[in-house]
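Asker: Have a look at this one before I ask anything.
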Ligand SMILES: [Zn+2]
């Protein structure tokens, strides 16, 4: 039996991303004090010694598909682009039961939790065969089972052929947001407006798969303009936005002005879009990411996530926000700080979650990873981690290494008497 969850009141001698060290007091799920390292008396049973660990805001995953995750081996689909992934998925989806969906979803959520993610927004398909709400019921069940360990928010992902009634029924059952993929619809604008009308009728927000292609529809501006007058507390975000990344400066600027005015959060999903996009471009293959730098420069709320994990839309992935952060640095050219912010504080902002991290009064959603700096942690992604949700230790992983000792140094070769030291150094 696990001894977790374990209520914590003190984190001792943690290193922060700025290199400073401190003690952190926790109470009622909040950070209540920050003091110089080792200045707070240990509190038996509820003190965690974080010597050698970097303490960060816990990651939040802004865009997952828990109903699809971990199905790659069962489906064994061909590798390929978005359309081929959808075909493979739809064939398999017809065979799924509520129980089989819940089993994979639970495993995927716990894998993300183990890596440090304490909040997940997951899309869930409105299915087109059998009970349309099998996936919804499975994910609602998993959300209940994991309450207290990880916060799960659900988005009804409706294709253009899913009836309004099924989407509304999903919201009535407890799904939080309306979603869809209008760029795949025969009439993208009509499908987008339909989804937004359903959200308005139900009084909920939206998270739309938006323009997930290097060419084709560009609906982001219309989404932003339509929600501009929505109440501020009705959340709206757009995932992927690959097409946005292909625009020239003038058109990009116009769309971003709309996005900013509509307060639409943008969610980049590097691992999946690096996989799905570019198959038709064997030379100078484009990266398939959104216009990340321009989005940040425009002051738009920005998040990044892992999206699909080991399913027809992406055969790989570790459900690890540090993997996403690493890709934001190498493929998206963000700084290490910007990259980690996108998967943690930025993701929480886009998901409308309360601020978290090592700040007095913030939610005690924290991840400690063995390492000395953000660059060390993002580069190495040590499995040595402590995961804290609502002030409780909910996951702990440790790894040990046993590496053969290097051979003892051998005697240096005798230099030829005619060579001087400089010549040897140059050789
Ligand atoms: Zn998605």
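Asker: Within the range 199-220, how many residues turn out to be away from the ligand (no atom under 16 Å from the Cβ), surrounded by 19 or more Cβ atoms within 10 Å (Cβ to Cβ) and not in a loop (DSSP other than H, G, I, E, B)?
Answerer: 1
Asker: Among all residue pairs at least 6 apart or on different chains, which show Cβ distances below 8 Å where the first residue, located in the range 234-253, is in contact (Cβ under 8 Å) with a residue 24 or more places away in the chain and over 29 Å from residue 198 (Cβ atoms) and the second is within 16 Å of the ligand (Cβ to nearest atom) and assigned to a strand (DSSP E or B)?
Answerer: Cβ pairs passing all conditions: none.
Asker: Any idea which of 51, 40 is outside any strand (DSSP E or B), in contact (Cβ under 8 Å) with a residue 12 or more places away in the chain and surrounded by fewer than 16 Cβ atoms within 10 Å (Cβ to Cβ)? Can you show your working first?
Answerer: On the way: 40 fails: surrounded by fewer than 16 Cβ atoms within 10 Å (Cβ to Cβ).
Going through 51, 40 in turn, just one is outside any strand (DSSP E or B), in contact (Cβ under 8 Å) with a residue 12 or more places away in the chain and surrounded by fewer than 16 Cβ atoms within 10 Å (Cβ to Cβ): 51.
Asker: Pick from the range 288-312 the residues that are assigned to a loop (DSSP other than H, G, I, E, B) and surrounded by fewer than 18 Cβ atoms within 10 Å (Cβ to Cβ): which of them is nearest to the ligand (Cβ to nearest atom)?
Answerer: Let us first name the residues in the range 288-312 that are assigned to a loop (DSSP other than H, G, I, E, B), namely 288-291, 298-301, 305-306, 308-310, 312.
Add one more test, that the residue is surrounded by fewer than 18 Cβ atoms within 10 Å (Cβ to Cβ), and what stays is 298-299.
Values: 298: 23, 299: 25 Å.
Ranking the candidates gives 298 first.
Asker: Collect the residues in the range 114-173 that are away from the ligand (no atom under 16 Å from the Cβ) and assigned to a strand (DSSP E or B), keeping them in residue-number order.
Answerer: Listed by number, the residues that qualify are 119, 151.
Asker: Quick check, is residue 195 assigned by TED's automatic domain parsing to the domain that holds residue 269, within 16 Å of the ligand (Cβ to nearest atom) and assigned to a strand (DSSP E or B)? First the steps, then the outcome.
Answerer: Numbers: assigned by TED's automatic domain parsing to the domain that holds residue 269: yes; within 16 Å of the ligand (Cβ to nearest atom): yes; assigned to a strand (DSSP E or B): no.
Judged against the criteria, residue 195 is not a match.
Asker: Let me ask something else. Of the conditions (1) away from the ligand (no atom under 16 Å from the Cβ); (2) modelled with pLDDT under 95, residue 82 satisfies every one except a single condition; which number is it?
Answerer: Every condition holds for residue 82 apart from (1).
Asker: Quick one: residue 315 ticks every box in (1) surrounded by fewer than 24 Cβ atoms within 10 Å (Cβ to Cβ); (2) within 14 Å of the chain's Cα centre (by Cα); (3) within 16 Å of the ligand (Cβ to nearest atom) except a single one, so which number is it?
Answerer: All conditions are met except number (2).
Asker: Considering the range 333-349 alone, what residues qualify as being in a loop (DSSP other than H, G, I, E, B) and buried (at least 24 other Cβ atoms within 10 Å of the Cβ)?
Answerer: Restricting attention to the range 333-349, the residues satisfying the condition of being in a loop (DSSP other than H, G, I, E, B) are 333-335, 344.
Matches in the range 333-349: 344 only.
Asker: Need the failing condition index for residue 223 against (1) within 16 Å of the ligand (Cβ to nearest atom); (2) closer than 27 Å to residue 286 by Cα; (3) outside any helix (DSSP H, G or I), just the number.
Answerer: The one condition residue 223 does not meet is (3).
Asker: Listed residues 394, 399, 377, 372; which is in a loop (DSSP other than H, G, I, E, B), in contact with a strand residue (DSSP E or B) (Cβ under 9 Å, 6 or more places away or on another chain) and modelled with pLDDT of 95 or more? Let's see the steps before the verdict.
Answerer: On the way: 394 fails: in a loop (DSSP other than H, G, I, E, B); 399 fails: modelled with pLDDT of 95 or more; 377 fails: in a loop (DSSP other than H, G, I, E, B).
That would be 372, the only listed residue that is in a loop (DSSP other than H, G, I, E, B), in contact with a strand residue (DSSP E or B) (Cβ under 9 Å, 6 or more places away or on another chain) and modelled with pLDDT of 95 or more.
Asker: List every residue pair whose Cβ atoms sit under 6 Å apart, with the two residues 6 or more apart in sequence or on different chains, where the first one lies in the range 301-313 and is over 21 Å from residue 341 (Cα atoms) and the second, anywhere, is near the ligand (Cβ under 9 Å from one of its atoms) and modelled with pLDDT of 95 or more.
Answerer: 311/68; 313/272
Asker: Next up: Of everything in the range 54-76 that's within 16 Å of the ligand (Cβ to nearest atom) and assigned to a loop (DSSP other than H, G, I, E, B), which residue is surrounded by the most Cβ atoms within 10 Å (Cβ to Cβ)?
Answerer: For the range 54-76, the residue satisfying everything is 68.
Asker: Looking at residue 231 and the list (1) within 26 Å of residue 205 (Cα to Cα); (2) in a loop (DSSP other than H, G, I, E, B); (3) within 16 Å of the ligand (Cβ to nearest atom), which single condition is not satisfied?
Answerer: The failed condition is (3).
Asker: Now, a different point. On the basis of being touching a helix residue (DSSP H, G or I) at 6+ places or on another chain (Cβ under 9 Å), assigned to a loop (DSSP other than H, G, I, E, B) and on the phi > 0 side of the Ramachandran plot, does residue 317 make the cut? Reasoning before the result, please.
Answerer: Values: touching a helix residue (DSSP H, G or I) at 6+ places or on another chain (Cβ under 9 Å): yes; assigned to a loop (DSSP other than H, G, I, E, B): yes; on the phi > 0 side of the Ramachandran plot: yes.
Yes: the conditions hold for residue 317.
Asker: Could you list all residues from the range 77-87 that are assigned to a helix (DSSP H, G or I) and in contact with a strand residue (DSSP E or B) (Cβ under 9 Å, 6 or more places away or on another chain)?
Answerer: The first filter runs over the range 77-87 and keeps only residues assigned to a helix (DSSP H, G or I), leaving 82-87.
Scanning the range 77-87 gives a single hit, 85.
Asker: Residue under question is residue 352, and the condition is that it be surrounded by fewer than 24 Cβ atoms within 10 Å (Cβ to Cβ) and within 17 Å of the chain's Cα centre (by Cα); does it hold? Break it down into steps so the answer makes sense when it comes.
Answerer: Values: surrounded by fewer than 24 Cβ atoms within 10 Å (Cβ to Cβ): yes; within 17 Å of the chain's Cα centre (by Cα): yes.
Criteria met by residue 352.
Asker: When both residues are 6+ apart or on different chains and their Cβ atoms are under 9 Å apart, which pairs have a first residue that lies in the range 105-116 and is at negative phi and not assigned by TED's automatic domain parsing to the domain that holds residue 323, and a second that is surrounded by fewer than 21 Cβ atoms within 10 Å (Cβ to Cβ) and assigned to a helix (DSSP H, G or I)?
Answerer: none
Asker: What residue, among those in the range 260-273 that are surrounded by fewer than 24 Cβ atoms within 10 Å (Cβ to Cβ) and part of a helix (DSSP H, G or I), is farthest from the ligand (Cβ to nearest atom)?
Answerer: 261
Asker: Would you check which residues across the range 85-103 are under 19 Å from residue 128 (Cβ atoms), at pLDDT 95 or above and surrounded by 20 or more Cβ atoms within 10 Å (Cβ to Cβ) and list them?
Answerer: 101
The values are calculated or read from the model by the stated rules, or taken from the named source; none is laboratory data. Note that the structure is predicted; figures quoted are calculated from it, not measured. All Cβ positions, glycine included, derive from the backbone under ideal geometry; neighbour counts span all protein chains shown.
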